[in-house]
Amino acid sequence: MPDVRLDAIARACRVQIIRMLTHAGSGHPGGSLSVIDVLVSIMFGRLRHDPKRPDWPDRDRIVLSKGHAVPALYTVMAKAGYFPEDRLITLRKLGSPLQGHPDRTALPGIEAATGSLGQGLSVALGMALGLKMSGSAARVYCILGDGEIQEGQVWEAAMAGPKLGHPEHPIDNLTVILDYNKIQLDDFVAKILDLEPVVAKWQSFGWPVLEIDGHSVDQVGKALDQAEATKGRPTLVVAHTVKGKGVSFMENNPEWHGKSPKPAEAIVAIREILGVTEPAWDEYLKTDPATAAIVNELRALDKK
């Protein structure tokens, strides 16, 4: 059975991603929309954490290595209570803690600064090993981008992961999720530098690998369960996703890797995310005051 609660949270987060990027006038919608179901599944499906104590030593950690998709992480953090949702529209504004890439010194709850791609897995390995050595039961979830894993540092970390900490402290408290949306900044990943056979490569380094639909919160949950049950080694989950998921003109379109929507485009995107047809839109807004307020806010931006 699909988890209706998690799907509803993910849908609401998609709306907020579009809203905040439109206010910012810049940012990365495609990869934020592709990874949001994974982040929602982790944050609201299993993460041990306390928004009131973001530095709780035994908390589970999320390392968003593909740091440009941080709008997705900000939306789930706001929804979880780390900060008020009305602060989301300060994304990328001067002085805002919601920087365009994660800044752990600016926003409590961010675990690693990952503006430079390719470093998050190394950071996550160190966190996982440190937790193991300290006797903590906490887990680490590291999310990689597919274009990102063309970086050499990722493969050094991948080679080290299954061996690190043995024999006393194997890092089976680490789950790595690849957001495999198959598009990077310039074009399709296969055209830039093909990753295939990505599963066989990671398996050859000793990683157990699971392949799932990254937009099925049910499949994400089961994969995280299986990873947690796997002892002695960290696990890689290859989450097949769609860049720009939920918005027809953004889906599978490299143009929307790093371009924010205009207000009119944002309103269409929100309507599509909510599954409302154009003829029914005005009537729908009368029944959903929260969405109507966002739409009015975006229309006002269009007049500036």
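The values are calculated or read from the model by the stated rules, or taken from the named source; none is laboratory data. Source: prediction; values computed, not measured. Please note: Cβ atoms are built from the backbone with ideal geometry, for glycine as well, and neighbour counts cover all protein chains shown. Side chains included, ligands, DNA and RNA excluded: accessible areas come from the protein's heavy atoms. Shrake-Rupley method; radii C 1.70, N 1.55, O 1.52, S 1.80 Å.
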### Task
Return the pairs, sorted by first residue and then second, in which the second residue is at pLDDT below 95 and assigned to a helix (DSSP H, G or I), the first residue lies in region 1-22 and is farther than 13 Å from Y74 by Cα and of a type outside the set (S, T, N, Q), the beta carbons are less than 7 Å apart, and the residues are 6+ apart or on different chains.
L6/G45
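Here is a check on your reading of the model: is K243 open to solvent by 60 Å² or more (accessible area, probe 1.4 Å), outside any helix (DSSP H, G or I), basic (K, R) and over 30 Å from L164 (Cα atoms)?
Numbers: open to solvent by 60 Å² or more (accessible area, probe 1.4 Å): no; outside any helix (DSSP H, G or I): yes; basic (K, R): yes; over 30 Å from L164 (Cα atoms): yes.
No, not satisfied.
Sort out which residues of region 163-179 are hydrophobic (A, V, I, L, M, F, W, C) and surrounded by fewer than 21 Cβ atoms within 10 Å (Cβ to Cβ), and write them in order of number. Don't jump to the end; show me each part of the working.
In the first step, residues of region 163-179 are kept if they are hydrophobic (A, V, I, L, M, F, W, C); the result is 164, 171, 174, 176-178.
Result: L164, single match.
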### Query
Out of E211, E196, which single residue is at pLDDT 95 or above, open to solvent by 40 Å² or more (accessible area, probe 1.4 Å) and not in a strand (DSSP E or B)?
E196
### Of residues in region 1-46 being open to solvent by 30 Å² or more (accessible area, probe 1.4 Å) and acidic (D, E), the one nearest to A300 (Cα to Cα)
D7
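Go over the candidates V63, V38 one by one and state the one that is at pLDDT 95 or above and either of a type in the set (K, R) or in a helix (DSSP H, G or I) (or both).
Working: V63 fails: either of a type in the set (K, R) or in a helix (DSSP H, G or I) (or both).
Testing whether each residue is at pLDDT 95 or above and either of a type in the set (K, R) or in a helix (DSSP H, G or I) (or both) leaves just V38.
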### Query
Looking at this structure, is L88 touching a residue at least 40 places away in the same chain (Cβ under 8 Å), of a type in the set (A, V, I, L, M, F, W, C) and under 25 Å from V242 (Cα atoms)?
yes
### Query
Of the residues that sit in region 261-303 and are of a type in the set (V, I, T) and assigned to a loop (DSSP other than H, G, I, E, B), which one is nearest to A8 (Cα to Cα)?
V276
## Note on the structure
Flagged in region 273-297 as within 22 Å of F249 (Cβ to Cβ), open to solvent by 40 Å² or more (accessible area, probe 1.4 Å) and hydroxyl-bearing (S, T, Y), in numbering order, are T277, Y284
### Task
Determine whether region 82-94 contains at least one residue that is over 19 Å from P51 (Cα atoms), part of a loop (DSSP other than H, G, I, E, B) and touching a Leu at 6+ places or on another chain (Cβ under 9 Å).
yes
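Within the group A223, A160, A227, which residue is open to solvent by less than 60 Å² (accessible area, probe 1.4 Å) and more than 22 Å from the chain's Cα centre (by Cα)? Walk me through how you get there before you give the answer.
Details: A223 fails: more than 22 Å from the chain's Cα centre (by Cα); A227 fails: more than 22 Å from the chain's Cα centre (by Cα).
Going through A223, A160, A227 in turn, just one is open to solvent by less than 60 Å² (accessible area, probe 1.4 Å) and more than 22 Å from the chain's Cα centre (by Cα): A160.
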### Hits in region 50-67 (condition: within 16 Å of A112 (Cα to Cα) and surrounded by fewer than 24 Cβ atoms within 10 Å (Cβ to Cβ))
P54, D55, W56, P57, R59, D60, R61
## Note on the structure
Of (1) polar (S, T, N, Q); (2) in contact with a His (Cβ under 9 Å, 6 or more places away or on another chain); (3) in a loop (DSSP other than H, G, I, E, B), S26 fails just (2)
### Query
Of (1) in contact (Cβ under 8 Å) with a residue 12 or more places away in the chain; (2) surrounded by 15 or more Cβ atoms within 10 Å (Cβ to Cβ), A264 satisfies all except one. Which?
(2)
